[in-house]
Amino acid sequence: MPTCSVQNACAQTNVPRDLVPEDLRPPVKDREFRNLPVLPHAASPCAPGLTYKVDCNVCLCNEYQNLLCDKLLCVSFADIHRAEALKKSGLPCNDNNAENDVLQSKCVQCTCNGTTYCEAKGDCVAESEVIMRSYTSRRNGSRLTFDYEKEKCIPNHVYKENCNKCYCQEDQTLRCTQKICLNYNQAVELEKEQKYLEEHGL
């Protein structure tokens, strides 16, 4: 962001960027990525000096037990299925099973009781997603990534960026949540504060 003054019209300030694993170690090859231990999110506890994967990102644990992670957008098929189930739930249905079956897909199960209720199946991959996984694997190895600077997103697909989710619109633009994502130490401090407030009835 430029700063301006009377003496100096405008000067560009140098804002330090966040470190990523490749600043501190060589890039991770595909075979190594597949074998990395998995953590559920970037606020997970970790062992200093070890490398992990969170979704499609490589993360390095620093001396403070905080993860330094890549900044890649990760394809989230599970979120895509949940969004599809939510969109189809509540639609009118009837006793014609053939019509009701149209609402279902390989990864979304729907039932009818006046209105439809749909839920995503766990650990499910549709045929189109198998093709996408194969294409992505040829391009990015094991990582299901999306480069928004080089590619157009796929409408109705969901992508994860740390604790935020990005939803691809029909015009192939992304709409992302704007949560503040905590690291491990921040999450621990927040938990302590919440516990203190509960203990003191605040």
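Here are the numbers for the structure shown:
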quantity	calculated
Residue ID - farthest from the chain's Cα centre (by Cα), chosen from residues in segment 54-75 that are assigned to a loop (DSSP other than H, G, I, E, B) and within 15 Å of Tyr148 (Cβ to Cβ)	Asp70
Scope segment 26-38; condition in a loop (DSSP other than H, G, I, E, B) and surrounded by 13 or more Cβ atoms within 10 Å (Cβ to Cβ); matching residues	Val28, Leu36
Which listed residue, of Asn164, Asn185, is under 26 Å from the mean Cα position of the chain (by Cα) and in contact (Cβ under 8 Å) with a residue 40 or more places away in the chain	Asn185
Answer residue from segment 48-78, given it is of a type in the set (S, T, N, Q) and in contact with a strand residue (DSSP E or B) (Cβ under 7 Å, 6 or more places away or on another chain) and is modelled with the lowest pLDDT among those	Ser76
The lone exception for Leu24 - which of (1) in the same structural domain as Cys163 (by TED's automatic domain parsing); (2) at pLDDT below 80 it fails	(1)
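The values are calculated or read from the model by the stated rules, or taken from the named source; none is laboratory data. For clarity, every value in this text was computed on a predicted model and none was experimentally measured. Please note: Cβ atoms are built from the backbone with ideal geometry, for glycine as well, and neighbour counts cover all protein chains shown.
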